Amino acid sequence: MRHIQRRSVIAAAIVLACGASTALAQTTWPSRPLKLVVGFPAGSSPDLTARLLAEPLSQALGQPVIVENKAGAGGNIGADAVSRATDDHTIGLMINGNLTIAKILNPATTYDPLKDLQPVSLIAVSPLVLAVPASTVASGKAFFDDAKAQGDKLNYGTPGVGTVAHLGMELLKAKAGIAPVHVPYPGNPQVITGLIGGQVQMALLPPGLAMAQVKGGKLKAIGVTSAGRSSVAPELPSLAEAGVQGLQLEIWNAVAAPVGLPKAHVRKLASLLAEIVRRPEVRQKILNQGWQVAGTSPEGLARRIATDTAAMSDVIQKNNIKPN
């Protein structure tokens, strides 16, 4: 009888040990270096954000976090690489276009952001600045009244067809009742040159680029595209203060993962990222880069993706916007 009891105790211990080992294996993820893919070149804004997150995330996870740049197609090459990863150790730092309208804008896009990727956390957001030549006299409501009067005699510049600046300006046109003509450029540096030279009369620019030119006296800022004033450029009014109602447009970056990454790992990452971006020193560094910290749950990012996808797809369809 004692032998039977002893065997039962040993068997129970083995079962418990196996269960503990399984639980331990599940909680010790990641088990090797984590790859953080960025679809833009080194030194770009998404790259700088990714590298800012990599070290504290590595410390929190107990594994190296390696930033890998896979630049091209407006970040879609990197997003595609993340969507195809099956190693449970690859995630990506992406911009809003990669996670929202990539497939809607260009059906040839090789991944579907809504099917092949899953949200982890919205990292940071920023409004765009409506910038005009420094010689522009009108401000606020008077600027839009003048723009309405001039109709299609005015031009606006963007860094390309289908960019947030392009879609955002088409949305602004509808909300403000103005009709400037689109002039696409290779990038924002050329847009700024066009503004300074008077070839285009307005453009939506990231605050980090716009405010340097505004403070240097080369451009003038009408306002920001957020619903209210933004901590990124607190000195600027919102366009709502200039009479443009119902406009809320922000650029953002976020961490996403392959759809197959286990939910437990996704929640672990989201929790850590939210804590990291709220650290005062990290928050300030992100603000210095022209971004306002968010740090959401996966559900929070999913809601943002759904809202922006609906708004931007409506702009694309109404204006029949096609990729170059």
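Among the residues of region 210-231, those that are in contact (Cβ under 8 Å) with a residue 40 or more places away in the chain and over 18 Å from Ala242 (Cβ atoms) comprise Gln213, Gly217, Lys218, Ser231.
Only residues that are in contact (Cβ under 8 Å) with a residue 24 or more places away in the chain and in contact with a Ser or Thr (Cβ under 7 Å, 6 or more places away or on another chain) were counted across region 239-251, and they come to 5. Taking the criterion of being closer than 14 Å to Leu117 by Cβ and not small (Gly, Ala, Ser), the residues of region 290-305 that qualify are Pro298, Leu301, Arg304, Ile305.
Return the residues of region 259-281 that are farther than 25 Å from Leu114 by Cβ and out of contact with any helix residue (DSSP H, G or I) (no Cβ under 6 Å at 6 or more places or on another chain); say none if nothing qualifies. Listed by number, the residues that qualify are Glu275, Arg278, Arg279, Pro280, Glu281. Only one entry of Leu301, Leu261, Leu287 meets the criterion of being crowded, with 16+ Cβ neighbours inside 10 Å and either under 21 Å from Glu55 (Cα atoms) or touching a Leu at 6+ places or on another chain (Cβ under 7 Å) (or both), and that entry is Leu301. Scanning region 37-49 for residues that are out of contact with any Asp or Glu (no Cβ under 7 Å at 6 or more places or on another chain) and either assigned by TED's automatic domain parsing to the domain that holds Gly162 or outside any loop (DSSP other than H, G, I, E, B) (or both) gives Ser45, Pro46, Asp47, Leu48, Thr49. A count restricted to region 50-75 and to residues that are at pLDDT 95 or above, buried (at least 16 other Cβ atoms within 10 Å of the Cβ) and assigned to a helix (DSSP H, G or I) stands at 10. Touching a residue at least 24 places away in the same chain (Cβ under 8 Å) and of a type in the set (Lys, Arg): is that true of Arg51 in this structure? Considered against the rule, which asks whether it is touching a residue at least 24 places away in the same chain (Cβ under 8 Å) and of a type in the set (Lys, Arg), Arg51 comes out as no.
Scan region 257-273 and tell me whether some residue there is assigned to a strand (DSSP E or B) and within 30 Å of Gly151 (Cα to Cα). Checked region 257-273: no residue is assigned to a strand (DSSP E or B) and within 30 Å of Gly151 (Cα to Cα).
Residues in region 162-189 that are at pLDDT 95 or above, of a type outside the set (A, V, I, L, M) and surrounded by fewer than 15 Cβ atoms within 10 Å (Cβ to Cβ): Gly177 alone. Filtering region 210-222 to residues that are assigned to a helix (DSSP H, G or I) and surrounded by fewer than 19 Cβ atoms within 10 Å (Cβ to Cβ) leaves Ala212, Lys215. In region 76-111, of all residues being surrounded by fewer than 22 Cβ atoms within 10 Å (Cβ to Cβ) and either outside the structural domain of Asp308 (by TED's automatic domain parsing) or among the hydroxyl-bearing types (Ser, Thr, Tyr) (or both), the one that is farthest from Leu128 (Cα to Cα) corresponds to Thr86. Is it the case that Glu235 is surrounded by fewer than 21 Cβ atoms within 10 Å (Cβ to Cβ) and either in the same structural domain as Gly162 (by TED's automatic domain parsing) or of a type in the set (Val, Ile, Thr) (or both)? Yes.
The values are calculated or read from the model by the stated rules, or taken from the named source; none is laboratory data. Here the structure is a predicted model, which is why all the values come from computation and not from measurement. Reconstructed Cβ throughout: ideal geometry from the backbone, glycine too, with neighbour counts over all protein chains shown.
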